[in-house]
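Here's the structure, in structure tokens; my notes come after.
Read-outs throughout are calculated quantities, based only on the coordinates presented, and are distinct from any laboratory measurement. Given the structure is predicted, the values throughout are model-derived calculations rather than measurements. Cβ: placed from backbone, ideal geometry, glycine included. Neighbour counts: every protein chain shown.
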Amino acid sequence: MTKTLVVSDNEILNQLYHINLEVYLATDVTLVLSTQAAQEKIDSGEEFNLIVTMNMINGHDSAVLLNEYLTNKQKNIPLIVVGRPEKELPNIIGVPTSFNLQNLLRSCAQVLGVTAKAMASLELPDYYAIDSKFLMRLKEAPCPVYLQIKKIGDDNQFTMIAKKDSGLTNILNKFSSEGIDKFFVHKNDRLLIVNQISKLVCDFIKSTETLSVAEKSNAVEAGFEFVAADFTQSPEVTQEVMNIAAACTKIMSDIAKETSGLRALLQILNSNKNGYIYSHSMVASYVSNHIVKNISWGGESHIEKINFVLFFHDIMLGPIYLKHPDLKFEEDLLFSEILDEKEKELVLNHARLAAEAIITYKRAPMGADLLIKQHHGMTNGVGFAIEFKANIME
């Protein structure tokens, strides 16, 4: 069996990549959360046939660092980078967007030499292991779920713990309390259950009706960070990205309605140490929601559009704030000595770039791209207005 090292600090992608690579390509996946941990894994002597890394990990250009490390160590391990590195790198394979699992699996299959014929002829064990953290996302079992109860030599015995369509939550919690976190499905059902889990992971934000305001806030921020990472790696507005964005904008409105006051919202944001972009977007959403409720022509459609704009207006600045968490306002970014010229150019153009990407999505609220482009008072979306005119179109 081949071995693949995945380097990612994104909880959603960690689960998606891990389970899909193992099931579709029959490769043994090791997951690490940082570039340094990846280097330590390689230094340990463990042999890997492939390394898959996000281009940015914990604010560092992981693609560049790993490529240089492999070159210096004379390690001939193929490197697949999800996203766009800050500079062109030789001998790497790029997958522009993190959401497109098919592209990633296709690239990995080529490196690992996995063909459709090879997969068809692959000798698989009768039962395929699924970690409880994946199954926990399923309320009902899409197929029978088993527990390994005995292993003597090559003799494996399994007992069914959940029938198809039966509830999973209580059963999994019971076994998890006993320290059991590995379950199994029949090999013929492995693709079915992986596809179910992958879909639920991508749509996880939508099921927040029963969550508290604090939990909803965490869900929206997770969705924001996921979209920001994907959007800035390849600003291609996919249906998956917009599905999450639509879910997030609805929850932003729910938070504004359910929070007892602005002080309570600030306490939630501060206690969870939410990122700057998300925090100021959520505060703006709360204030806007109450303004719209108190004007004669305001309605839900206005709130929906405002939240959509707030979700995307600073989306291009996500990687910079991740890399430099101590910086706050755009002015801090623009005049900071720790940003290079390329990063400052992005700060100046972030409104224009976000608007140009959003305009390609036909279902965006009417005029949202214009509001995003002009949210700093500049008609062309470049730079920052020193004095704001009464009519921005003048």
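Note on ASP43 and ALA264: the extension gain reaches 74.8 nm, defined as 0.36 nm multiplied by sequence separation minus the Cα-Cα distance. If only the Cβ of Lys and Arg carry +1 and only the Cβ of Asp and Glu carry -1, the dipole of segment 251-394 around its Cα centre is close to 500 debye. Pair-distance distribution of segment 203-373: all C-alpha pairs, bin width 10 Å, starting at 0; shares per bin in whole percent are 10, 39, 37, 14, 1.
Fewest neighbouring Cβ atoms within 10 Å first, the residues SER288, SER212 line up as SER212, SER288.
By the beta-carbon count within 10 Å of each Cβ, the least crowded to most crowded order of VAL292, VAL82, fewest first, is VAL292, VAL82.
Take every Cα-Cα pair in segment 3-120 and report what % of them are more than 16 Å apart. Across segment 3-120, Cα pairs with separations above 16 Å total 55 percent.
Pair-distance distribution P(r) for segment 18-79, from all Cα-Cα distances in 5 Å bins starting at 0: 4, 16, 29, 25, 17, 7, 1 percent. Farthest toward the positive end of the dipole of segment 203-373, out of SER260, TYR321, ILE277, is the Cα of SER260, where the dipole comes from beta carbon charges about the Cα centre.
I need the calculated FRET efficiency for the pair LYS328 and ALA385, taking r as the beta carbon distance and R₀ as 22 Å, to the nearest 0.05. After rounding, the FRET efficiency stands at 0.70. Placing pseudo-labels 7 Å out from each Cα toward the beta carbon at ASN170 and ASN72 gives an inter-label distance of 5.6 nm.
Given R0 = 41 Å, the distance between the Cβ atoms of SER301 and ASN91 translates into a calculated FRET efficiency of 0.20.
Taking a ≥ b ≥ c as the square roots of the eigenvalues of the Cα gyration tensor, segment 297-394 is prolate, since a/c reaches 1.5 or more and a/b is larger than b/c. In terms of its C-alpha gyration tensor, segment 3-50 has an oblate overall shape, because the principal axis ratio a/c (a ≥ b ≥ c, square roots of the eigenvalues) is not below 1.5 and a/b does not outweigh b/c.
Computed from point charges on the beta carbon alone (+1 for Lys and Arg, -1 for Asp and Glu), the dipole magnitude for segment 3-120 about its Cα centre is near 400 Debye.
Given the pairs LYS250/LYS342; LYS250/LYS323; LYS187/LYS250; LYS328/LYS373; LYS163/LYS362; LYS187/LYS216, which are separated by over 32 angstrom at their Cα positions?
Numbers: LYS250/LYS342 34 Å; LYS250/LYS323 28 Å; LYS187/LYS250 39 Å; LYS328/LYS373 20 Å; LYS163/LYS362 43 Å; LYS187/LYS216 36 Å.
Listed pairs above 32 Å: LYS250/LYS342; LYS187/LYS250; LYS163/LYS362; LYS187/LYS216.
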